[in-house]
Amino acid sequence: MGRIAFRAWRRGFREADLVLGPFVDQVGPDLTGEELDSLEALLGQDDDHSLYAWIIGAEPTPAEHETLVMRKIRAFMRDHVAAAVAEGAG
(Lines give C-alpha, C1' and ligand atoms only; values in the text may rest on other atoms or scores of the structure.)
Protein backbone atom coordinates (compact mmCIF):
# COMPACT_ATOMS: atom_id res chain seq x y z
CA MET A 1 0.00 0.00 0.00
CA GLY A 2 2.97 2.33 0.46
CA ARG A 3 3.42 3.22 -3.21
CA ILE A 4 -0.32 3.62 -3.74
CA ALA A 5 -0.64 5.83 -0.65
CA PHE A 6 2.27 7.98 -1.80
CA ARG A 7 0.68 8.47 -5.23
CA ALA A 8 -2.74 9.19 -3.69
CA TRP A 9 -1.45 11.84 -1.29
CA ARG A 10 0.89 13.56 -3.74
CA ARG A 11 -1.16 14.14 -6.85
CA GLY A 12 -0.10 17.77 -7.20
CA PHE A 13 -3.70 18.99 -7.02
CA ARG A 14 -4.73 19.60 -3.43
CA GLU A 15 -8.42 18.78 -3.86
CA ALA A 16 -7.57 15.37 -5.32
CA ASP A 17 -5.03 14.78 -2.53
CA LEU A 18 -7.67 15.49 0.11
CA VAL A 19 -10.01 12.86 -1.31
CA LEU A 20 -7.64 10.17 -2.57
CA GLY A 21 -5.16 10.25 0.32
CA PRO A 22 -7.70 9.64 3.08
CA PHE A 23 -9.55 7.15 0.86
CA VAL A 24 -6.41 5.04 0.47
CA ASP A 25 -5.57 5.34 4.16
CA GLN A 26 -9.03 4.36 5.36
CA VAL A 27 -10.51 2.15 2.63
CA GLY A 28 -7.41 0.93 0.79
CA PRO A 29 -6.52 -1.89 3.19
CA ASP A 30 -9.93 -3.49 2.57
CA LEU A 31 -9.82 -3.33 -1.25
CA THR A 32 -9.57 -6.54 -3.24
CA GLY A 33 -6.73 -7.20 -5.65
CA GLU A 34 -8.95 -6.28 -8.58
CA GLU A 35 -10.00 -3.05 -6.86
CA LEU A 36 -6.35 -2.19 -6.15
CA ASP A 37 -5.59 -2.70 -9.84
CA SER A 38 -8.43 -0.30 -10.72
CA LEU A 39 -7.16 2.21 -8.18
CA GLU A 40 -3.63 2.01 -9.57
CA ALA A 41 -4.94 2.57 -13.10
CA LEU A 42 -6.88 5.59 -11.85
CA LEU A 43 -3.83 6.98 -10.05
CA GLY A 44 -1.89 6.55 -13.28
CA GLN A 45 -3.86 9.35 -14.88
CA ASP A 46 -1.73 12.42 -15.53
CA ASP A 47 -4.50 15.02 -15.57
CA ASP A 48 -5.41 15.58 -11.92
CA HIS A 49 -8.06 18.15 -12.78
CA SER A 50 -9.92 15.65 -14.94
CA LEU A 51 -9.51 12.94 -12.32
CA TYR A 52 -11.03 15.20 -9.68
CA ALA A 53 -13.80 16.24 -12.10
CA TRP A 54 -14.65 12.54 -12.59
CA ILE A 55 -14.80 12.04 -8.83
CA ILE A 56 -17.14 14.96 -8.23
CA GLY A 57 -19.21 14.25 -11.34
CA ALA A 58 -18.33 17.49 -13.14
CA GLU A 59 -17.07 15.52 -16.17
CA PRO A 60 -18.10 12.10 -17.42
CA THR A 61 -15.78 9.34 -16.27
CA PRO A 62 -14.22 7.33 -19.10
CA ALA A 63 -15.72 3.85 -19.24
CA GLU A 64 -12.46 2.16 -18.22
CA HIS A 65 -12.47 4.11 -14.94
CA GLU A 66 -16.18 3.79 -14.14
CA THR A 67 -15.50 0.98 -11.69
CA LEU A 68 -16.52 -0.17 -8.24
CA VAL A 69 -13.48 1.68 -6.91
CA MET A 70 -14.65 4.94 -8.48
CA ARG A 71 -18.06 4.45 -6.87
CA LYS A 72 -16.35 3.81 -3.53
CA ILE A 73 -14.24 6.95 -3.94
CA ARG A 74 -17.33 9.03 -4.70
CA ALA A 75 -19.17 7.62 -1.69
CA PHE A 76 -16.10 8.20 0.50
CA MET A 77 -15.84 11.77 -0.72
CA ARG A 78 -19.48 12.49 0.09
CA ASP A 79 -19.05 11.01 3.57
CA HIS A 80 -15.61 12.60 4.09
CA VAL A 81 -16.78 16.06 3.04
CA ALA A 82 -19.97 15.77 5.10
CA ALA A 83 -17.92 14.79 8.16
CA ALA A 84 -15.48 17.69 7.63
CA VAL A 85 -18.34 20.16 7.29
CA ALA A 86 -19.99 18.76 10.42
CA GLU A 87 -16.73 19.36 12.27
CA GLY A 88 -16.71 22.98 11.14
CA ALA A 89 -14.54 22.89 8.01
CA GLY A 90 -15.69 25.02 5.11
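The values are calculated or read from the model by the stated rules, or taken from the named source; none is laboratory data. In this text, all values refer to a predicted model and were calculated from it rather than measured experimentally. So basically every Cβ, Gly included, is an ideal-geometry build from the backbone, and we count neighbours across all protein chains shown.
Inside segment 61-74, residues that are within 22 Å of Phe6 (Cα to Cα) and part of a loop (DSSP other than H, G, I, E, B) make up a count of 1. Pairing residues of segment 47-70 that are on the phi > 0 side of the Ramachandran plot with residues that are of a type in the set (D, E, K, R) and modelled with pLDDT of 95 or more, at Cβ distances under 8 Å and at least 6 apart in sequence or on separate chains, gives Gly57/Arg74.
Filtering segment 79-87 for residues that are crowded, with 16+ Cβ neighbours inside 10 Å and free of Cβ contacts under 8 Å to residues at least 40 places away in the same chain leaves an empty set. Out of segment 41-59, which residues are among the charged types (D, E, K, R) and modelled with pLDDT under 95? Result: Asp46, Asp47, Asp48. Restricting to segment 39-57, name every residue that is part of a loop (DSSP other than H, G, I, E, B) and either over 24 Å from Met1 (Cα atoms) or touching a strand residue (DSSP E or B) at 6+ places or on another chain (Cβ under 9 Å) (or both). Within segment 39-57, just Gly57 meets the criteria. With respect to Thr32, determine if the residue is among the β-branched types (Val, Ile, Thr) and surrounded by fewer than 12 Cβ atoms within 10 Å (Cβ to Cβ). Yes, satisfied.
Conditions tested, residue by residue: (1) part of a helix (DSSP H, G or I); (2) surrounded by 11 or more Cβ atoms within 10 Å (Cβ to Cβ); (3) among the aromatic types (Phe, Trp, Tyr).
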site: Arg3; (1), (2), (3): yes, no, no
site: Asp37; (1), (2), (3): yes, yes, no
site: Glu59; (1), (2), (3): no, yes, no
site: Phe76; (1), (2), (3): yes, yes, yes
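Apart from one condition, Phe13 fits all of (1) touching a Leu at 6+ places or on another chain (Cβ under 9 Å); (2) at pLDDT 95 or above; the exception is (2).
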